[in-house]
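Structure first, commentary second.
The values are calculated or read from the model by the stated rules, or taken from the named source; none is laboratory data. Remember, predicted model here, so these are calculated numbers, not experimental data. Note: ideal-geometry Cβ built from the backbone for every residue, glycine included; neighbour counts use all protein chains shown. Ligands, DNA and RNA are excluded from the accessible area calculation, which covers all protein heavy atoms including side chains. Shrake-Rupley method; radii C 1.70, N 1.55, O 1.52, S 1.80 Å.
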Amino acid sequence: MPDTPDKSSPSWRPQTLLSRGGTLRSQFGETSEAIFMTSGYVYQRAEDAEEAFAKDGVRYVYSRYANPTVAMFEERLRLIEGAEACRGLSSGMAAVFASMACFLRAGDRVVASRALFGSCNYIITQILPRYGIETELVDGRDLNAWEKALARGAKAVFVESLSNPTLEIIDIAAVAKLTHKAGGLLIVDNVFATPLLLKPLALGADIVIYSATKHIDGQGRSLGGVVLGPAAWFKDHLAQFLRNTGPSLSPFNAWLLLKGLETLDLRVERMSRNAAEVAAFLEGHGKIQRVIYPGLASHPQRALVGRQLKGGGTLMAFSVGGGKAGAFRCLNALKLVLISNNLGDARSLVTHPATTTHHRLKPEERAELGIDDGLIRLSVGLEDPADLKEDLDRALAAV
Ligand SMILES: *Cc1c(COP(=O)(O)O)cnc(C)c1O
């Protein structure tokens, strides 16, 4: 885009980039990023319009293609992630779909980890096959399963670096090697880990996806999605796909997400610290059967956590006795923690995956993923952890 060049220094550290990276200033010299709520742009002369259409990227033409507020958000996140290119989209699912639909064609093969967000699972198992794309799901923790599935080649591999809701961890470096040997691109949905706790590109991944709705906004205000990856792939595939299909990010929402990035590090750090305290409390609680949290020594992939993640993160899952009835009694007795299927928010949120985010799966598919009827996902927010523990303790007494 024409005006991404700015005063960001390549030596700025992540915390500086989060509040300052990619800022563009108009002739008015505003401090805060301007919201360019405009669908189109005007030309002085017909020749200017002719030139704009002849040469891509010389100026803003139409906000479905590019917009200055959206460009600031894209450039800031690009710098933080250390990617060659970044595009902001209307939602996380728009980003997941576009990352595959933009370059796959009939006859291609896609391999994905089985532990996926419900809508990611739907795209891979229901939508892509309708267009003649063969898809296969494997146990993402099992490198032998990856090796076997990728021996048949694959154009794309899709994984969630930390899975929803059971927090399984993918060995990104190992899966990237196998993917490249198979001739494909590794696409990593890094939502649960956030841009701060895991850097998939540094481990060999090709494309990174975020739902910016989650920690990046993190205040329950806006949907948003992001695709990050190589400039050549953007030019050859993603740019034209987005330009002509239109899952654009609103400039207003891009502005909210810029404000979210300013405090992302502070929020994720505090929320992770609160989560660690809550997880330790739950693990010692008599009413709890198991707690899955990457920051606990009991996490089944502990060695990989140490190698790959910078912290335990803000999310955990735990099982209470009594199946669905027990889980519902616990949810309904909470007063501070809210029942919501969102996550990464400043408010602590719980959800019951078996009846919400993963209700479309067959019971045996849920069992395979470790989603039992007593499983509760908890996204820890910015409240005082003592209040959270009191609330959970009272709710667990109802189980
Ligand atoms: C929420 C979520 C998405 C989808 O994002 P939206 O912004 O809701 O469309 C994709 N992947 C994961 C892991 C998520 O948690």
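In this view, the solvent-accessible surface of residue 213, computed with a 1.4 Å probe and all protein chains in place, comes to about 20 Å². When +1 charges are put on Lys and Arg Cβ atoms and -1 charges on Asp and Glu Cβ atoms, the dipole computed for the chain relative to its Cα centre reaches about 320 debye.
The convex hull drawn around the Cα atoms of the stretch 75-180, when projected onto a plane and averaged over every direction, covers 7.1 nm².
Put simply, the amide H of residue 189, placed in the peptide plane, has neighbours under 5 Å in 159, 160, 161, 209, leaving out anything fewer than 5 places away on its chain. Each peptide among 100-113, 78-91 gets the average number of other Cβ atoms lying within 10 Å of its residues, and from highest to lowest they stand as 78-91, 100-113.
A Cα-only calculation for the stretch 265-396 places Rg and Dmax at 14.1, 40 Å. The H on the amide N of residue 85, modeled in the peptide plane, is under 5 Å from the matching H of 229, 231, each at least 5 residues off or on a different chain.
Stokes-Einstein, applied to the Kirkwood radius of the stretch 22-143 over Cα pairs at a viscosity of 1.567 mPa s and 4 °C, places its translational diffusion at 73 µm² s⁻¹. In loop segments of the stretch 116-156 as defined by DSSP, the trypsin sites (Lys or Arg not before Pro) with at most 16 further C-beta atoms inside 10 Å of their C-beta are 152. Mind pulling the angle between the C-alpha long axis of helix 172-181 and the longest principal axis of the chain? Nearest 10 degrees, somewhere in 0 to 90. So the helix axis and the longest Cα principal axis differ by about 60 degrees. Highest mobility in the GNM of the chain, judged by mean-square fluctuation with C-alpha springs under 10 Å and restricted to 258, 137, 266, is found for 266.
Note on the chain: Cα Rg divided by 2.2 N^0.38 Å, N the number of residues, gives 1.01.
Loop-resident trypsin sites (Lys or Arg not before Pro) (DSSP state other than H, G, I, E or B) in the stretch 163-269 with no more than 15 further Cβ atoms inside 10 Å of their Cβ: 221. Carbon-plus-sulfur accessible fraction, the chain (probe radius 1.4 Å, protein heavy atoms only): 53%. With contributions of -39500 (n - 2.57) from each DSSP H run of at least four residues, the per-residue ellipticity at 222 nm computed over the chain stands at -11000 deg cm²/dmol. Taking amide hydrogens as placed 1.01 Å from N in the peptide plane, the amide H of residue 290 sits under 5 Å from those of 319, each at least 5 positions away in sequence or on another chain. Using only side-chain charges placed at the Cβ, +1 for Lys and Arg and -1 for Asp and Glu, the dipole size of the stretch 162-266 relative to its Cα centre rounds to 200 debye. For the chain, a Gaussian network of Cα nodes joined below 10 Å ranks 364, 277, 383 by mean-square fluctuation, and the top entry is 364. Evaluating 6.51 cos²θ - 1.76 cosθ + 1.60 at θ = phi - 60° for every residue in the stretch 375-387, the Karplus couplings come out as 7, 10, 9, 10, 9, 8, x, 9, 5, 5, x, 5, 5 Hz, glycine and proline recorded as x. Each Cα pair under 8 Å and six or more residues apart adds its sequence gap; the mean of these over the residue count of the chain is a relative contact order of 16 percent. Legend: distances between Cα atoms for 148/177; 199/310; 155/310; 214/324; 259/310; pairs beyond 19 Å are 155/310; 214/324; 259/310. Between residue 13 and residue 325, the contour length at 0.36 nm per residue exceeds the alpha carbon distance by 107.5 nm. For the stretch 125-282, the fraction of alpha-carbon pairs lying more than 28 Å apart is 29 percent, rounded to a whole number. In the context of the full set of protein chains, the stretch 265-396 has a per residue accessible area of 44 Å² (1.4 Å probe). For the chain, modelled as a GNM whose springs connect Cα atoms under 10 angstrom apart, the maximal fluctuation among 273, 360, 307 occurs at 307. Centroid-to-centroid, using Cα positions, the stretch 180-216 and the stretch 354-399 are 25 Å apart.
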